[in-house]
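Okay, so here's the structure we're looking at.
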Amino acid sequence: MNARGRNTPGRGRPARPSRPARPGNSPRREDQQSRASREEARAREEALSPEAKARLRELRGLGNYDDDRPGDYGTDPGEDRDNLVDVPDGVRLQKVLAAAGVGSRRYCEELIGEGRIEVDGQVVRRFGARVDPENQVIRVDGKRIPSRQDEVYLVFNKPRKVLTAMKDDRGRSVISDYLGDRAERLFHVGRLDYDTEGLMLLTNDGELAHRLAHPSYEVAKTYLAEVPGPVPKDVGRRLAAGVDLEDGLAIADKFRVLEQSGQKALVEITLHEGRKHIVRRMLAEVGHPVSRLVRTTIGPVKLNDLRPGKTRELSVREIGDLFASVGLLLLWARKQEGLNVAVRAVRGAIQVDEDSRDAILEGTAELVSEVMSRNDLTTDDVISVLFTVTPDLTTEFPALAARKLGFHAVPLMCATEIPVQGAMPRVVRLMAHIETAKPRSEVQHVYLRGAAALRQDIAQ
Ligand code: URA
């Protein structure tokens, strides 16, 4: 027990009025009962068809449906008691909170001290409480932290001379050698060569892994390579223009020389490619064969100072960013109970320079990109887009610009506006329906160039 925390009056949230005690039910007994009924509910849920389970999850994500909060019969979270029984071999509460991305351990201790953490419906103010993050429901300010029961997302720093595999008939060192009892549930996303080191993502989330590995969603990956130096200036240009390999052109998004000393150079290269030995082949093709290769970044996830052979959990933020990078932000939002995703409308307008095809396409592309980036949207979040143009724009459909930006699966429509006398000329407008976790007041409407004058109330 920690003297600072336990039995101090609640400071975080106002206490709810206590329920009258139920005869014969001590808080401990109620806790055991609610745990047992949760266990039953979980077992019932396990028995559902995959479709029913998916629907149930969706419902949980969309509304406040919540069948495992023992609100009606459990102890009142507002009360000062802490009857939580430590789970044998459990993990310290602050560690679980920190691993879920709530904040640093120190910050999590403050939250515990402030009475803002509930475990299975009970406020816990002990720093040392040991909990089971897979089976207990943990809430911060009433919002559930993601259960790690289903999905695991890890960064692994693969050492050199480790095979990208979970087992090997020839007895070589493999990833599972570094994972202890987690290994059988996890698989690796993509591959690194036997001699390549660095960042690998490990997960049991098939949908995310599939998207990350799919060529149409290839996220950017960054590598550090040791190569023979000096590296002439034109190498970066050649790599960016694309080098011809036996299986087709390979293009670097970015290339820079980080260090040159004598006969050695350290370079950094970023690309969206997943082909075998791609970095080694590209650099060899431009005359700089790789002697050491380390992957440092996959999309929004960085290796940072994780030591070789070690793993770390992705933070909630990294997982969210990773889902977003492959168009699954909405799915992630729905996985987070308590985060309500709503359909909202977003508006925008831009004035183009002239009635020409190029001006309409370029202006519309700018407008669409701004609406998307200011509202953190991917095309998967967009339900439909209606474009309208003033009657003086007749040379191209603005929807074509959206198609070129990848809105292939989004229903689009174009219409001419009412010819109002004195209205601003050459304006393309859009109204999109989107799915977003943002409240209505945070949706960013976008008015660009001359059209900014139409909505001076909105800072652009
Ligand atoms: N490119 C390579 O050449 N090797 C790797 O392991 C990864 C990318």
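Each reported figure results from applying straightforward, stated rules to the coordinates on display, with no laboratory input. Predicted model, so just to flag it, every value in this text is computed and none were measured. Heads up, the Cβs are rebuilt from the backbone with ideal geometry, glycines too, and the neighbour counts pull from every protein chain shown.
What order do you get for 191-204, 419-432 when each peptide is scored by the mean count of other beta carbon atoms within 10 Å, highest first?
Those peptides, ordered most packed to least, come out 191-204, 419-432.
If we count other beta carbons within 10 Å of each Cβ, what is the order of 246, 370, fewest first? Can you show the working numbers first?
Details: 246 6, 370 17.
With the fewest neighbours first, 246, 370 line up as 246, 370.
Just to verify a number: FRET efficiency for residue 151 and residue 358, C-beta to C-beta distance, R0 = 45 Å, to 0.05? Walk me through the numbers on the way to the answer.
Numbers: r = 46 Å, r/R0 = 1.02.
Once rounded, the FRET efficiency stands at 0.45.
Could you please rank 112, 251, 418, placing first whichever residue has the fewest other Cβ atoms within 10 Å of its Cβ?
On the way: 112 25, 251 13, 418 8.
Neighbour counts put them in this order, fewest first: 418, 251, 112.
Among residues other than residue 211 whose Cβ falls under 11 Å from its Cβ, what is the net charge (Lys/Arg +1, Asp/Glu -1)? Let's see the in-between values first.
Numbers: positive: none; negative: 205, 207, 218, 380.
Local charge sum for residue 211: -4.
Considering amide H positions built from the backbone, and no H for Pro or chain starts, which residues 5 or more places from residue 187, or on another chain, come under 5 Å of its amide H?
Here the answer is 203, 204, since their amide H atoms fall under 5 Å of that of residue 187.
Where does the Debye-calculated log10 I(q)/I(0) of region 153-316 sit at q = 0.09, 0.13, 0.15, 0.18 Å⁻¹, using only Cα point scatterers of equal weight, no solvent?
For region 153-316, the Cα-only Debye profile gives -0.31, -0.63, -0.83, -1.14.
How would you rank 282, 372, 413, 166, going from fewest to most other Cβ atoms within 10 Å of each one's own Cβ?
So the residues, fewest neighbours to most, are 413, 166, 372, 282.
Could you tell me which GluC sites (Glu not before Pro) in region 93-170 are loop residues by DSSP with no more than 14 other beta carbons within 10 angstrom of their beta carbon? Display every interim value, and only then the final one.
Working: sites: 109, 110, 114, 118, 134, 151; in loops: 114, 134, 151.
The qualifying sites are 134.
Longer than 31 Å from Cα to Cα, which of 95/254; 143/167; 233/310; 221/310; 167/264; 276/302 are they? Say none if no pair is. Intermediate values should be presented prior to the final figure.
Details: 95/254 38 Å; 143/167 39 Å; 233/310 36 Å; 221/310 20 Å; 167/264 35 Å; 276/302 21 Å.
The answer is 95/254; 143/167; 233/310; 167/264.
If the label point is 7 Å along Cα→Cβ of residue 160, which residues in region 166-201 have backbone nitrogen under 13 Å from it?
Residues 194-198 qualify, since their backbone N sits under 13 Å from the label point.
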